[in-house]
Amino acid sequence: MNNVPITFLMPYIEDEKTRKVLWSECAANGIENIVLGDWFISSIKFDPARAKVYQDELNDAGLKFVDAHAPFGAAVDMNNFDDSGLLALNHILHLHIAALMGVKTITIHIGNDSNLPGVSVAQQQDNICRMLDKLLPEAEKLDVAIAIENIWVPVNTPENLWVIKKRFPTPYLGFCYDAGHANLMSRTHGSIQTNSAARTYWEKCNAGVPAWDDDILEKMLPELINCHLHDNMGDIDDHNLPGNGTIDWQKTVALLKKAPRIKAIQSEVIIERNAIAVKDVAAKFKELFN
């Protein structure tokens, strides 16, 4: 665990001078690693010259990219049927951008049932696996591992992530544990929220009561290669600072230290949404992982 890098998600900033201020603030507070977020990847995809701009900015500040999050949403998630192959090519481009920027793991959303009404979990899994058939050989060539993530809908439960993983024994496919998403699905905290996001989405999917589960991390641990750490009260996906919610961080950190394959620990705290200073998020993760 001592050699596992801690990475930090930072906000989208279009203005170059303001962005450089943010990098300086990160470095001044002991942050070394920045997440290649979906907005970085999207901007490079549409303007390849930005790759060097971002690399130079981080190099000048003494920072580097370590892990990535691919662009996501109803139109691009892997549970879509991809008869043309164009969607797979889109994700392959994301993999190439990640490799170009020196990244070793990229989290890709497999998708949400609510975006595909009437499509069974089994059919979504087949769509996802057909996509991975195309992506994983490329990931291996590029030496970039793909992580699929728990969310709060039926297709993303740990059990359903394992259905996909068991079809692909390669080390280039693993899991990304999202602590905030797991808290929405927890029996202890999520199930007591009458207006929770989990309840709403399971109703949209006509899936009944959410599969409340306090052992999501334990189930994902053997194939965990990344994790997204942030907090909430069990109702909505706040992406708040650890401690500003109901997650048991002592238990979470102790389990993460046992993850045999973990390559990065990511702060997915959204500082601009929650008005959190860079110094506070840096200090909190230093406190958690010492």
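Rounded to the nearest 500, the 222 nm mean residue ellipticity of the chain from helices alone is -12500 deg cm²/dmol, with -39,500 (n - 2.57) taken per DSSP H run of at least 4 residues. Of Gly180, Gly243, Gly118, the residue with the greatest mean-square motion in the GNM of the chain, using alpha carbon springs below 10 Å, is Gly118.
Build a GNM of the chain with springs between Cα atoms under 10 Å apart, and of Val103, Val53, Val269 the one that fluctuates most is Val53.
Considering only DSSP beta bridges whose two residues both sit in the chain, what percent are antiparallel, to the nearest 5?
Working: 1 of 25 bridges.
The antiparallel fraction comes to roughly 5 percent.
Both the radius of gyration and Dmax for the chain are 18.2, 52 Å, in that order, over alpha-carbon atoms. Given the options Gln250, Gln266, Gln124, which has the most mean-square fluctuation in a GNM of the chain, springs set between C-alpha atoms less than 10 angstrom apart? Highest fluctuation among the options: Gln250. Taking a Cβ cut-off of under 9 Å around Leu241, the surrounding Lys, Arg, Asp and Glu residues balance to a net charge of -1, with basic ones at +1 and acidic ones at -1.
Computed from the coordinates by the stated procedures, all read-outs in this text should not be read as laboratory data. Because the structure is predicted, anything quoted here is derived from the model rather than measured. Don't worry about glycine lacking a Cβ; one is built from the backbone with ideal geometry, like all the others, and counts go over all protein chains shown.
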